[in-house]
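Input: a single structure, listed below in structure tokens.
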Amino acid sequence: MSRALMIQGTGSNVGKSMLVAGLCRAARARGLSVAPFKPQNMSNNAAVTADGGEIGRAQALQALAAGLAPVTDMNPVLLKPETDTGAQVVVQGRRVGRVRARDYAAMKPGLMAPVTESFARLRAAHDIVLVEGAGSPAEVNLRAGDIANMGFARAAGVPVVLAGDIDRGGVIAQVVGTREVMEPGDREMVAGFVVNRFRGDPALFDDGYRMIEARTGWRGYGVCPWFAEAWRLPAEDALDVAAPVRAEGLHVVCLRLSRIANFDDLDPLAQEPGVRLTMLGPGQALPGDADVVIVPGSKSTRGDLAFLRAQGWDVDIAAHVRRGGHVLGICGGFQMLGRSVADPDGVEGVPGEDAGLGLLQIDTVMTGDKRLTEVAAAHVASGQAFRGYEIHMGRSAGADMARPYARVEGLPEGATSADGRIAGSYLHGMFRDDAFRAAWLAGFGAASATRYDAGVEAVLDALAAHLEAHLDVGGLLAAAR
């Protein structure tokens, strides 16, 4: 019979996603058919699935680690924040509407059925399912109706291993404190704990490790040292997009919008030794030596257009263009480059219309239908073929679309300005394609020196070996039931 194990955390961003990815690759190396699962995720970094839906990017990476194509069952509930108080709700890969944070609690109990349905299908198809929690079970104020942590674990009968992050400090209190606030029935689901992200000699934590075991009565499955190559894997949070500090190279500046989406578009560029990538944060001025400015995807185009202006980036971009610089808009960023963005039906929020940056002669109207598809395309400027995906709402039209950025099945896609320095496209994932990335960089006089997908595979192998060396992986897999 198929087994399952759930990795929960003492808090957000303690490394749950990496642990599950590494365990998926390790289980696969042991000859097991393994699948990842996350009942509920909150992220604007999504992946298009083989069955035509969308899931969190972290689950797509875990699927890759497991040797599988991503499917919607791997992340049946995805929340995509549009404002500080509201989010788009995606259930089994399909958008079902928008909900305010205060109203989501009432919606959650009805989502347990699709969550358990998706989980059951994965269990029926694989030897083991490795489940990732969300946030922390210590958030006991959210326990009623929970589908993300202990609520799911108890409903599905899945044992839990709790991960604590020693790098942020206080890991003894993290693990022991989590146990103390949990109700007795939830505590009984916990098979043990791991300590993650240790820097230095793990033996220095032997006393602390034994103290956690004594205080909780839970089994320890090991202390996992910091995995230095994690930055080479697609980031789940925009703040985690990392690039080596370089003094030279093609200077690509990406605006870190407040609702930035699918920002792993930038990961392949970050790893190119001939590229200097800057993720420009709020309050920072656009560097005068920028060669290319990328306006990335956004979960709230009009909201982020206002955010962009509040930072003064509209003025900075205009000056950049006057100096002869280039601009690329991707998805929501493409929409922002146009003359106007209209949302008459309030698809993304309050109905209305805003002026765009006016760099492309296009206009966009938001519509309720969402386009989710993988595509084979050809870049018009270089002629280079590549693969990418679309995940957006809204339709754009205008004179500059007569000069498309790409062609998809022979049809024009995106837009380019008359002088060729401003371009926009709805296509995500283009930079993952090694040949396209090389052609795009060559257009700016830069060379490509990386094989991105091969590099990700190598890092996943290294991550699995790292866990095998420092954790009791056999014991963890045996804890699954």
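The values are calculated or read from the model by the stated rules, or taken from the named source; none is laboratory data. In this text, all values refer to a predicted model and were calculated from it rather than measured experimentally. Backbone-built Cβ (ideal geometry, glycine too); neighbour counts: all protein chains shown. These area figures cover heavy atoms from the full protein model, side chains too; ligands, DNA and RNA do not enter into them. Shrake-Rupley method; radii C 1.70, N 1.55, O 1.52, S 1.80 Å.
Structure notes:
- The range 74-118: number of residues that are assigned to a strand (DSSP E or B) and on the phi > 0 side of the Ramachandran plot: 1
- None of Leu78, Leu32, Leu64, Leu68 is at pLDDT 95 or above and either of a type in the set (Val, Ile, Thr) or buried (at least 23 other Cβ atoms within 10 Å of the Cβ) (or both) except Leu78.
- Subset of the range 374-412 (residues that are among the aliphatic types (A, V, I, L, M), assigned to a strand (DSSP E or B), farther than 15 Å from Thr301 by Cβ and open to solvent by less than 70 Å² (accessible area, probe 1.4 Å)): Val375, Ala376, Ala377, Ala378, Ala385, Ala397, Ala406, Val408
- If you check Asn13, Asn45 for being open to solvent by 40 Å² or more (accessible area, probe 1.4 Å), in contact with an Asp or Glu (Cβ under 9 Å, 6 or more places away or on another chain), of a type outside the set (Asp, Glu) and within 30 Å of Tyr104 (Cα to Cα), only one passes: Asn13.
- Only one entry of Val71, Val48 meets the criterion of being touching a residue at least 60 places away in the same chain (Cβ under 8 Å), among the β-branched types (Val, Ile, Thr) and at negative phi, and that entry is Val48.
- Residue match in the range 203-220 (condition: modelled with pLDDT under 95 and either within 21 Å of Pro109 (Cβ to Cβ) or loosely packed, with under 14 Cβ neighbours inside 10 Å (or both)): yes
- Among residues of the range 197-224 being in a loop (DSSP other than H, G, I, E, B) and not hydrophobic (A, V, I, L, M, F, W, C), the one that is farthest from Ser17 (Cα to Cα) is Gly217.
- Among the candidates Val295, Val315, residue that is at pLDDT 95 or above and either at positive phi or open to solvent by less than 10 Å² (accessible area, probe 1.4 Å) (or both): Val295
- Any hit, the range 164-186, residues being outside any helix (DSSP H, G or I) and under 29 Å from Asn262 (Cβ atoms): yes
- Residue that is surrounded by the most Cβ atoms within 10 Å (Cβ to Cβ), among those in the range 346-373 that are at positive phi and outside any strand (DSSP E or B): Gly349
- Candidate set: the range 286-345, residues that are among the charged types (D, E, K, R) and part of a helix (DSSP H, G or I); chosen: the one farthest from the chain's Cα centre (by Cα): Arg322
- Selection count, the range 97-107, where residues are among the hydrophobic types (A, V, I, L, M, F, W, C) and open to solvent by less than 40 Å² (accessible area, probe 1.4 Å): 1
- Whichever residue in the range 1-13 is in a loop (DSSP other than H, G, I, E, B) and closer than 13 Å to Pro137 by Cα and, among such residues, is modelled with the lowest pLDDT: Ser12
- Tally of residues being farther than 11 Å from Leu308 by Cα, open to solvent by less than 10 Å² (accessible area, probe 1.4 Å) and assigned to a loop (DSSP other than H, G, I, E, B) across the range 254-276: 2
- Boolean, Asp186 is among the acidic types (Asp, Glu), over 12 Å from Thr10 (Cα atoms) and open to solvent by 20 Å² or more (accessible area, probe 1.4 Å): no
- Taken over the range 108-143, the criterion of being hydrophobic (A, V, I, L, M, F, W, C), open to solvent by 60 Å² or more (accessible area, probe 1.4 Å) and closer than 23 Å to Met182 by Cα is satisfied by Val140, Leu142.
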